[in-house]
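Derivation of every value follows stated rules applied to the coordinates shown; laboratory data play no part. Source: prediction; values computed, not measured. No Cβ is skipped: glycine too gets one built from the backbone with ideal geometry, and neighbour counts run over all protein chains shown.
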């Protein structure tokens, strides 16, 4: 797994809030939080694939988040059809997150780094783990072979590990891929 060079990011909508990150180094999980785009981009430049928990595209027919248009992408509809609940990217606070995520994705793309949208809530739902039950999430990670240090974790850090796991599943051809003409979500 080490050779995959994958970074999991649980991106916050604002640099004032915690963005969780997770990656493997020498087989050990490295987990933490960052705030500023510059710090996130500097870390991300060390990876080939960045799995981001945030919308990375707009619905087809929607020119911007400010203009009225479709609220859901094809991948969102597929997620909903699986019974997985999520906030639409046009919902108030999600707009800021979507703008930030698309900007980070575009910057990374210019550096030759591939970004893929993921959704930790979807991973938790598939494994039937409560999305906010930290102990259950940590136990899931142990079952999947990912061991965290014994300490308290922010939810953002745990979600970043889920992003990383989805990335590993993706490069191992074990992920659920929800795609459409206007976006892609990997779980």
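Computed quantities for the displayed model
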{"read-out": "The range 59-187 - Kirkwood radius from inverse mean 1/r over Cα pairs (Å)", "value": "16.0 Å"}
{"read-out": "Relative contact order %, the chain, counting alpha carbon pairs below 8 Å whose residues are six or more apart", "value": "31 percent"}
{"read-out": "Among 158, 29, 56: highest mean-square fluctuation, GNM of the chain, C-alpha pairs under 10 Å", "value": "29"}
{"read-out": "Selected from 171, 161, 31 as most flexible by GNM, with the chain as the system and alpha-carbon contacts under 10 Å", "value": "171"}
{"read-out": "Highest-fluctuation residue, 132, 18, 105 considered, GNM on the chain with Cα pairs under 10 Å", "value": "132"}
{"read-out": "More than 14 angstrom apart: percent of Cα pairs within the range 125-187", "value": "60 percent"}
{"read-out": "Kirkwood Rh in Å, taken over all unlike Cα pairs in the range 1-133", "value": "15.7 Å"}
{"read-out": "Projected label distance in nm at residue 26 and residue 127, using a 7 Å step from Cα toward the beta-carbon", "value": "2.5 nm"}
{"read-out": "Two-decimal ratio, the range 45-98, of alpha-carbon radius of gyration to 2.2 N^0.38 Å", "value": "1.25"}
